[in-house]
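Notes follow the structure.
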Amino acid sequence: MMDFSIFLGDDDATTAFGEDLALTVKPGDCLALSGDLGAGKTALSRALIRALANDDAIEVPSPTFTLVQTYELRIPISHFDLYRLTDESEISELGLDETLEKGVALIEWPEKAGQSLPRHAICIEITHEGAGRRLTLRTDSQRFADRLKRVRAIREFLDSRGYQGAARRFLTGDSSFRAYERILTAEDKTYVLMDSPARSNGPPIRDGKPYSQLVHLAENVKPFIAVDKYLRSIGLSAPEIHETDITQGILLIEDLGSEGVLDDAGRPIAERYEEAVRCLADFHRRPMPETLPIGNGEIHRIPSFERSTLKFECEVLLDWHVPWRRGEPVTDAERADYLDIWDHLIDELQTVEKQLVMRDYHSPNLLWLSERDGFDRIGMIDFQDAIIGPSSYDVVSITQDARVTVPRALKERLLDIYLEARDRNGGFDRTLFLKSHAIMSAQRACRLNGLWVRLLQRDHLPGYMRHMPRTLWHLGMAFEHPVTAPLRDWCKKAGIPTAESPE
């Protein structure tokens, strides 16, 4: 049970706490707001709703007469006022159960709901105290309690660094444990806050290592700091880091804006993708770093794409995609053949060019900085999982964007731009690169086509399945190179189709 109390000295403090609640709530949460008339229930609700809407001017009328007001926002939310409710049985007619299936309920005068109030409601009592108000929150939801503690810790971080009164808005956060907020200070300056607590490693699943260590995912913010400093030192557009709390995993960084590399319809803007590829070509002509300074004498040793890492990622196809498609798991013989094929493909990678791989160099993580020049217009925001591996990996990431269809003609043009830029710099083996490109294209497609199913079945995130036709198409393109012929034959025999272009 969480029992939390806070004094809100004025309306600004109430608004700030409403913003904190907006960053805490998840679908299924029911906030029961108790207090006398004028205590501030509607003021708190209005602040929460406006923060979810990211619109301080949105009309949020009191639902005293309508009983319920619904808002279709990032998280759907229904604002109930039960003051005029004559019988608790009427609450079912207001759609409370339907609200909690996909959204959040705010209920003023919850005592009118009687036994109809959800058992795990988050009870918030507001009382007058001097010139302000006292808010007392009680809940037996551990998830809500943990999240509120984290949100409040971030508020304390901002206050302690001189950003008192800053407005906070959700920016992004999906299947990752990492989340981002946009921060607007009282002086109208904007920043981005990275909320990245130290990764809680799960149980060992192979060779005594948890998943994050097997695939070399960042376990705290130190790799982000190290890679960010390196990228900025060589003139690339990574965000400046303004404030840090490494222990808590909180960073306040430069806001590079919201303009990306896609048009309003979600299609690639060719000019911006071309600059992203030119940026990679220039980056890949530089010597590869193996260690990077973090600060205070600490060094980040960059991990490598080891054989075990590459194979483990490819196994996602065996463990999730094939059973989902066929209704039965792969046989031991199929698994052995598949992994043997990957052993041979990884052998082929031993002589290809290696470089610092940013790993997620694609549309969700690239911003367009129109006020800058050349490929400095490409803003990079996601590189904490950077690893040493084939330089082709990031070229595959951008030219075969997992979440966006890059038309075949544009994909070929992007690859030509990259190859020509590398040729001009000299010392580049085009044949070896194209072999590497095909292998890493296949590796990435195998992983993603398994990942979408895992997100569906294990994590209950079905939205990612819409990308599968595209990543099956990418797998088919990888099979056009002769080096991947054994994998192509295995997939065909296993019943894994390749898709037509979704253009």
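Things to note:
- Lone unmet requirement of (1) assigned to a helix (DSSP H, G or I); (2) more than 30 Å from Asn425 (Cβ to Cβ) for Ala281: (2)
- For the range 33-58, residues that are aliphatic (A, V, I, L, M), surrounded by fewer than 23 Cβ atoms within 10 Å (Cβ to Cβ) and within 13 Å of Cys123 (Cα to Cα) total 0.
- Residues of the range 324-341 that turn out to be in a helix (DSSP H, G or I) and touching a residue at least 12 places away in the same chain (Cβ under 8 Å), as a count: 9
- Number of positions in the range 242-255 that are touching a helix residue (DSSP H, G or I) at 6+ places or on another chain (Cβ under 9 Å) and more than 16 Å from Ala179 (Cα to Cα): 1
- Evaluation of Arg84 against (1) in a helix (DSSP H, G or I); (2) at pLDDT below 95; (3) of a type in the set (D, E, K, R) (one fails), failing number: (1)
- When each of Tyr230, Tyr180 is tested for being hydroxyl-bearing (Ser, Thr, Tyr) and in contact with a Pro (Cβ under 9 Å, 6 or more places away or on another chain), the lone residue that passes is Tyr230.
- Subset of the range 487-503 (residues that are more than 27 Å from Gly266 (Cβ to Cβ) and surrounded by fewer than 16 Cβ atoms within 10 Å (Cβ to Cβ)): Asp489, Lys492, Lys493, Gly495
- Which listed residue, of Ala13, Ala32, is assigned by TED's automatic domain parsing to the domain that holds Leu135, among the small types (Gly, Ala, Ser), within 25 Å of Gly132 (Cβ to Cβ) and in a strand (DSSP E or B): Ala32
- Answer residue from the range 80-117, given it is touching a residue at least 40 places away in the same chain (Cβ under 8 Å) and more than 19 Å from Lys41 (Cα to Cα) and is surrounded by the most Cβ atoms within 10 Å (Cβ to Cβ) among those: Gly103
- Residue list for the range 215-243, filter: under 17 Å from Ile302 (Cα atoms) and of a type in the set (A, V, I, L, M, F, W, C): Val215, Leu217, Ala218, Val221, Phe224, Ile225, Ala226, Val227, Leu231
- With a requirement of 1 or more residues that are assigned by TED's automatic domain parsing to the domain that holds Arg278 and in contact with a Lys or Arg (Cβ under 6 Å, 6 or more places away or on another chain), the helices (runs of 4 or more DSSP H) lying completely within the range 373-486 that satisfy it span 392-399, 408-425.
- The set of residues from the range 442-454 being surrounded by 19 or more Cβ atoms within 10 Å (Cβ to Cβ) and either touching a His at 6+ places or on another chain (Cβ under 6 Å) or not polar (S, T, N, Q) (or both) comprises Ala442, Arg444, Ala445, Cys446, Arg447, Leu448, Asn449, Gly450, Leu451, Trp452, Val453.
- Residues of the range 342-372 classified as crowded, with 20+ Cβ neighbours inside 10 Å and assigned to a helix (DSSP H, G or I), total: 4
The values are calculated or read from the model by the stated rules, or taken from the named source; none is laboratory data. A quick note: this is a predicted structure, and the numbers were derived from the prediction, not measured. Backbone-built Cβ (ideal geometry, glycine too); neighbour counts: all protein chains shown.
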